[in-house]
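The structure appears below as structure tokens.
The values are calculated or read from the model by the stated rules, or taken from the named source; none is laboratory data. As the structure is a computational prediction, the values presented were derived from the model and not from experiment. Heads up, the Cβs are rebuilt from the backbone with ideal geometry, glycines too, and the neighbour counts pull from every protein chain shown. Only protein heavy atoms, including side chains, enter the accessible area calculation; ligands, DNA and RNA are left aside. Shrake-Rupley method; radii C 1.70, N 1.55, O 1.52, S 1.80 Å.
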Amino acid sequence: MSDTKTPEAVRDTVRTGYAAIAKTGVWSGVDSNTNTGCGCSPGGCCGGGGGAGAPMTAEDVTAAIGYAQSDLAALPDGANLGLSCGNPTALALLKPGEAVLDLGSGAGLDCFIAGSKVGDNGRVIGVDMTPEMLSRARAGLAHYRSASRLDNVEFRLGEIEHLPVADGSVDVVISNCVLNLSPDKERVWREIARVLKPGGRVAISDLALLRPLPEEVRASVEALVGCVAGATLTGVMENMARSAGLIDVRIERKTSYIDAMTDAQDPLYKDIIAKLPPGSHIGDFITSVDLVATKPASKIKCC
């Protein structure tokens, strides 16, 4: 197993795992159009699907967590890998003309949906550190432009700890089950605050912890790439956002999401459950969350 203790090793592990997903649509050698990405793998981790033990397609995953069918139907082929654990484009209440930044944009799912919502006068920037994911996302641009008649989405190579985006240049930052993968989450929150315009807002879907995971689970590479081992406590997540200077921070826990993963016999979560203390439930440790926050507006100077 690779050493996942240093920040560089964590990034390499995540990059390798998501490069494999970008190339094949699957993680850890699983067959068919299912995945074991951000906590979503065969077995219907996000709820719904064909019952306990039945694999879910990427479309099943995104439909189960609240994406509109009309948004999904308009996506380029290959943009939806089923790696979501929420719907930040809906959470953000995007408006025409806004500039949106997607952290860890993957194959472009949320970027393409956001682009249609912000329209001609808006723009969307997706940032991802995995070249293979960027290639997959950029391959969908021609279809997006043709279908939407918009040319307002771009994808940039970069780490979310060092965003290739100017200070105070975006209205909204979104992210979908990505921040927990970062080895330096405090820096990510500072970067979010840096790139937001005064009065800008954050809408993030992610996995978080209700209590610390056993060390055996935290050490698991599969759990790391599955957005579990790197997750932080919900209180820590809130404190990081506030320490970065954001206000009106609100976190909504969605425990039913984890229950659905367990009921569907998700392989990753079955492995985690086997490593938990006897008598405990995975929902005692892990939850999905929606987080929203804002950057304070500039103070008006008088006289």
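For LEU233 paired with ALA142, estimate the spin-label separation in nm (one decimal), with each label point 7 Å from Cα along the Cα-to-Cβ line.
5.2
Quick one: pull the percent of accessible area on segment 49-180 belonging to carbon and sulfur, 1.4 Å probe, ligands and nucleic acids left out.
Ligands and nucleic acids excluded, carbon and sulfur reach 50 percent.
Assuming a viscosity of 1.002 mPa s and a temperature of 20 °C, what translational diffusion coefficient in µm² per second does Stokes-Einstein assign to segment 98-190, Rh being the Kirkwood radius over Cα pairs?
162
When ligands, DNA and RNA are left out and all protein chains stay put, how many square angstrom of accessible area per residue does segment 159-232 have with a 1.4 Å probe?
31
With the crude spin-label approximation of a point 7 Å out along Cα→Cβ, what separation in nm comes out for ALA274 versus ALA297?
Placing both labels 7 Å along Cα→Cβ, they lie 5.5 nm apart.
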